[in-house]
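Student: So that we are looking at the same thing, I have put the structure below in structure tokens.
The values are calculated or read from the model by the stated rules, or taken from the named source; none is laboratory data. Predicted, not measured: the structure shown is a model, and the values here were computed from it. Every residue, glycine among them, receives a Cβ derived from its backbone with ideal geometry; neighbour counts consider all protein chains shown. Just so you know, the surface numbers come from the protein's heavy atoms only, side chains and all, with ligands and any DNA or RNA stripped out. Shrake-Rupley method; radii C 1.70, N 1.55, O 1.52, S 1.80 Å.
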4 protein chains.
Amino acid sequence: MKVGLIGFGKTGKAVASVILQNKKFSLSWVMKRSQTLENRTAAEYLGIDSEETGKIYSTASTSITELLDNQPVDVIIDFSSNSGIYAYGEAASERKIKIISAISHYTNKEKDYLKSLSNLTTVFWSPNITLGVNYLLFASKFLKKIAPWVDIEIIEEHFKGKDGISGTAIKIAEALDLEKEDINSVRAGGIVGKHEVVFGFPFQTVRLVHESISREAFGSGVIFVAENLVDKKEGLFNFEDILSPYFAV
Amino acid sequence: MKVGLIGFGKTGKAVASVILQNKKFSLSWVMKRSQTLENRTAAEYLGIDSEETGKIYSTASTSITELLDNQPVDVIIDFSSNSGIYAYGEAASERKIKIISAISHYTNKEKDYLKSLSNLTTVFWSPNITLGVNYLLFASKFLKKIAPWVDIEIIEEHFKGKDGISGTAIKIAEALDLEKEDINSVRAGGIVGKHEVVFGFPFQTVRLVHESISREAFGSGVIFVAENLVDKKEGLFNFEDILSPYFAV
Amino acid sequence: MKVGLIGFGKTGKAVASVILQNKKFSLSWVMKRSQTLENRTAAEYLGIDSEETGKIYSTASTSITELLDNQPVDVIIDFSSNSGIYAYGEAASERKIKIISAISHYTNKEKDYLKSLSNLTTVFWSPNITLGVNYLLFASKFLKKIAPWVDIEIIEEHFKGKDGISGTAIKIAEALDLEKEDINSVRAGGIVGKHEVVFGFPFQTVRLVHESISREAFGSGVIFVAENLVDKKEGLFNFEDILSPYFAV
Amino acid sequence: MKVGLIGFGKTGKAVASVILQNKKFSLSWVMKRSQTLENRTAAEYLGIDSEETGKIYSTASTSITELLDNQPVDVIIDFSSNSGIYAYGEAASERKIKIISAISHYTNKEKDYLKSLSNLTTVFWSPNITLGVNYLLFASKFLKKIAPWVDIEIIEEHFKGKDGISGTAIKIAEALDLEKEDINSVRAGGIVGKHEVVFGFPFQTVRLVHESISREAFGSGVIFVAENLVDKKEGLFNFEDILSPYFAV
């Protein structure tokens, strides 16, 4: 599967690294805003041996339509910013290229735009595209459904400098109808990221725990999503849509 | 719902205690092998205030058919031994009384017998009837289905004297196609019981953890099962049959 | 070692049960406020086979001085209330009987009184007399001393109904110069009690975790303390005084 | 403090990175076997802004005595291999340069050589130089000393490919008189490294847990050791020698 990557920040680089090392996927190109790495390749920059090297382009000097015509891809992965979608959305959907967006915070305007693009092509959006966190969300909701009266609290741990409650923890809390008071935030040292959902029953406890090791987890998530979108037609999908069919016995 | 309890060992007592304290259920009677507590009541023995006190009978001096005729129940809960089923199976199924068995080790003979009883009434069997462990099993299988290539190991912890690998850990391992080498057994002090399934992804980890606080967890499990069998017809059911419908969106 | 126990509430009973089952200790008697169990024995009440059965007395009908004269003990263990000390303090100290108090909240008045008693006999006081919690406290202070710049947070988990922050967590926080904001309190289901101290370093994490299984832990703590007070002379001691000598290489 | 670094493998690089970013230390130079990076600097290679850039030399083309004369250092850090010590030991000890070796496996021959060098200068050796693991070791031994009868097991978790039992787990087991059967090894996904010592008491559990986030932890350990060696005279030291004084009340 040929991939074009939009965005080459810390997470974008980690995602590129995972795609470059996956045999079923090839990284055709990377598109970024600034011109700093123009004409180098992702493979060389990241020190990875790979056939499809992922040449780096800048929106400042390359047109996305030209790029899509010259180096067509099957799917575009977006790890840029919430305005990134406007740069490639129309061109991609017209060419029936699937779109996978991992942008954290879209406004309603972008959400509407995604919806309109999904009339023409397969559009997927998840603010946290790791498999683990989405499984946690799904499995937690299921346990709450089984035992709606159970006490639930969330413990989330991150590095000292991280401001505010983790967005993932807030999303889990919303899915489980919890209050912000039910989220316990620990900030200490260099903890990469840990989310624990504690289910307290009268005589037993169930805990679902997700620990991040590195940003490359987003790359694995992208690959999981891309593989599960292969047979999907036009439409707007989220992670739950991808996980649900696995339950069909 | 009127309940008759077969078996009054440590776990049977804990289960009786939970039923006596639940307002939707009443404990009509307890049937046990020996005559030691005959004519006392479970409520008095356990020091619990309850309207339906659960008089204690012995199979040595009371016939099960008489008991079922004089004090009919909606469901029989079996925490006795694997031969217990023969004492009440026929009488219960003829009277359309539902059967919930929590016996750990049935031979094929008992399994066949359960099957035959299930032509006449609702029969449920689970070797570990806690909600938490069954959820763990279910949710683990689901994650394995999503990511069949993930590395999985089990850590189970119990009190120092516990012999052999925990039966629950073996059941989880079987459900996940693991080898016995993938089960790590810790035996230390008075640990009541902890099962942890570790899912190791390249860049993240997911853990499902169940901790037992006390045997009363079996009582909560019985109540959960009984409530979910209310609308069930004849047939043989296990815990997965009870959990699956919660996924139907 | 002959023991007299003051107080026979939930924790007092658990402590009695541990002492009755320990071969080096014998429970001479139990003294409680109300007369409800008068003239029964702790062994019979708790269903424990033991030579020294621990007859139960009430302060309403028995004088402590008479009791100490007729059934002398080596040590008095106090699990009653903060005023309990006044009932036996003078009589015990005059007879050189060691005093081990596990009362949670003394006012300055009682602390002063303990101090005065310690001129005559060995007096020990610890608001949480479990070995585990005191080890946690000690080992945490040591790590903080080694790495004063490390980020520390506390996670404490207890059953749903528990009001306010756990006293043990507050004590740990004070020992480590933490703010109340650094304590995260989880309240869910029937969790007996868990305290975790998280030390976050830039590239590694250290966690000290204590989990209570049951109240009998207080009994083990009492025995540990009593054994370590054998050679102590007059004076007022706390748990740190007991643990420190183990470091002397 | 001026530092010379021997060895520039994965861990050596991580250590260099930590030293370059610490204001109290400066990395004077790096010495490695192969000539691949000769004449580049550690700072430039690692992408770190730093005043003291750490020029890279190769033993193939530079003599250690010349290097020590031209660019004298206060301490030599050795993350090379077990034969590395022979290249610089004599030259360093004659110049009273302190030696910190983090080599995992020395034979008796190297241990004897270290001993002889320690007649002239301060020599420190620890096969695992992270603060966390050494604290774990120290605090675990202490708890075992307090409660010699407690049940102890070790759970160590590492990435899937790691062969054999972790060396750190073996060291902890030796320090606590445990058998190899008491070590439980989990191998799954990309787990960086986790060591948990479980202390099972009859009615409570204490756990000491160390989790590695990244190799840079070795750099922090080196800095901690170097700072604690400042006032040390000639002699051979290990991590316990460094930690013990913190207990002196």
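Student: To the nearest 20 debye, what is the magnitude of the charge dipole of region C:1-53 about its Cα centre, counting +1 on the Cβ of each Lys and Arg and -1 on the Cβ of each Asp and Glu?
Tutor: Here region C:1-53 has a charge dipole of around 260 debye.
Student: I've got another one for you. What number comes out for accessible area per residue over region C:1-82 if the probe is 1.4 Å? Units Å², please.
Tutor: Accessible area per residue: 48 Å².
Student: How big a patch of accessible area, both sides summed and in Å² to the nearest 100, lies buried between A and C at a 1.4 Å probe?
Tutor: 1500 Å²
Student: Given points 7 Å out from each Cα along the Cα-Cβ axis, report the A:ALA60 to A:LYS233 separation in nanometres with one decimal.
Tutor: 4.4 nm
Student: Right, another one. At most 15 other Cβ atoms within 10 Å and a DSSP loop assignment: could you name the GluC sites (Glu not before Pro) in region C:28-89 that fit?
Tutor: Passing sites in region C:28-89 are C:GLU38, C:GLU51.
Student: Assign unit charges at the C-beta atoms only (+1 for Lys and Arg, -1 for Asp and Glu), then state the dipole size of region A:27-119 relative to its Cα centre in Debye, rounded to the nearest 20.
Tutor: Its charge dipole is roughly 360 debye.
Student: Can you list the residues of region C:204-233 that have at least 40 square angstrom less accessible area with all protein chains present than in their chain by itself, probe 1.4 Å?
Tutor: C:GLN204, C:THR205, C:VAL206, C:ARG207, C:VAL209, C:GLU211, C:ILE213
Student: For region C:131-212, evaluate the Debye formula with one uniform point scatterer on each Cα (no solvent term) and list log10 I(q)/I(0) at q = 0.21 Å⁻¹, rounded to two decimals.
Tutor: Ignoring solvent entirely, the Cα scatterers give -0.93.
Student: Tell me, what is the FRET efficiency for C:TYR246 and A:ASP69 to the nearest 0.05, using R0 = 56 angstrom and their Cβ-Cβ distance as r?
Tutor: Rounded to the nearest 0.05, the efficiency is 0.15.
Student: If you take every residue apart from C:PRO245 with its C-beta less than 14 Å away from the C-beta of C:PRO245, what net charge results, scoring Lys and Arg +1 and Asp and Glu -1?
Tutor: -2
Student: Ignoring ligands, DNA and RNA, what percent of the 1.4 Å accessible area of region D:131-212 is carbon and sulfur?
Tutor: C and S fraction of accessible area: 52 percent.
Student: How long, wide and thick is the protein assembly as shown, going by the Cα atoms along their three principal axes, in whole angstroms, largest first?
Tutor: 90, 75, 49
Student: If we count every other residue with Cβ under 15 angstrom of A:THR36's Cβ, Lys/Arg +1 and Asp/Glu -1, where does the sum land?
Tutor: Overall, the nearby charge balance is +4.
Student: Which distances, in nm and shortest first, link the D:SER81 label point to the same label point in every other copy, taking 7 Å along Cα→Cβ?
Tutor: 5.0, 6.5, 7.5
Student: Dimensions of region C:98-158 along principal axes (Cα, Å, largest first)?
Tutor: So the three principal-axis extents are 42, 29, 21 Å.
Student: Right, something else. Can you count the Lys pairs in region D:39-151 whose Cα atoms are under 26 Å apart, with each pair 8 or more apart or on different chains?
Tutor: Taking region D:39-151 as the scope, the lysine pair count is 10.
Student: First select every other residue whose beta carbon is under 10 angstrom from the beta carbon of A:LYS2; then total the charges, Lys and Arg +1, Asp and Glu -1.
Tutor: Computed value for this residue: -2.
Student: State whether region D:58-134 is rounded, prolate or oblate according to the following rule on the C-alpha gyration tensor (a ≥ b ≥ c being the square roots of its eigenvalues): a/c under 1.5 gives rounded; otherwise a/b larger than b/c gives prolate, and the remaining case gives oblate.
Tutor: prolate
Student: While we're here: Which whole-number value in Å² is the accessible area per residue of region D:131-212, probe 1.4 Å?
Tutor: Per residue, region D:131-212 has an accessible area of 32 Å².
Student: Please check: in the Gaussian network model of chain D (C-alpha springs, under 10 Å), which one of D:GLN71, D:GLN21, D:GLN204 has the largest mean-square fluctuation.
Tutor: Of the options given, D:GLN204 has the highest mean-square fluctuation.
Student: Counting other Cβ atoms within 10 Å, which GluC sites (Glu not before Pro) in region C:153-242 have at most 15 and lie in a DSSP loop?
Tutor: For GluC sites (Glu not before Pro) across region C:153-242 that sit outside H, G, I, E and B with at most 15 neighbouring Cβ atoms in 10 Å, the list reads C:GLU179, C:GLU234.
Student: Also, quick follow-up: Evaluate 2.2 N^0.38 Å with N set to the residue count of region A:1-79, then give the Cα radius of gyration divided by it.
Tutor: 0.96
Student: Follow-up. Shortest first and in nm with one decimal, please list how far the A:GLY161 label point sits from its counterparts in the other copies (point 7 Å along Cα→Cβ).
Tutor: 3.1, 4.7, 5.5
Student: Can you tell which of A:ILE129, A:ILE48, A:ILE223 shows the greatest fluctuation in a Gaussian network model of chain A with Cα springs below 10 Å?
Tutor: Answer for the Gaussian network model of chain A: A:ILE48.
Student: While we're here: Can you list residues from other chains, or at least 5 along the same chain, whose modelled amide H is less than 5 Å from the amide H of C:TYR57?
Tutor: Amide H neighbours of C:TYR57: C:VAL30, C:MET31, C:LYS32.
Student: Within chain D, what is the longest stretch that has no trypsin sites (Lys or Arg not before Pro) placed in a DSSP loop and near at most 10 other beta-carbon atoms within 10 Å?
Tutor: D:25-232
Student: Give me the distance in nm between label points sitting 7 Å out from Cα along the Cα-to-Cβ direction at B:HIS105 and C:LYS180, one decimal.
Tutor: Using points 7 Å along Cα→Cβ, the separation is 5.5 nm.
Student: Rounded to two decimals, what ratio of Rg to Rh does chain C give with C-alpha atoms and a Kirkwood Rh?
Tutor: Checking Rg against Rh, the ratio lands at 1.00.
Student: If I build a Gaussian network model for chain C, linking alpha-carbon pairs within less than 10 angstrom, which residue out of C:ILE146, C:ILE183, C:ILE76 has the largest mean-square fluctuation?
Tutor: Of C:ILE146, C:ILE183, C:ILE76, the most mobile in the Gaussian network model is C:ILE146.
Student: How shielded is B:189-195 by partner chains, expressed as the average number of their Cβ atoms within 10 Å of its Cβ atoms?
Tutor: Per-residue shielding by partner chains comes out at 6.
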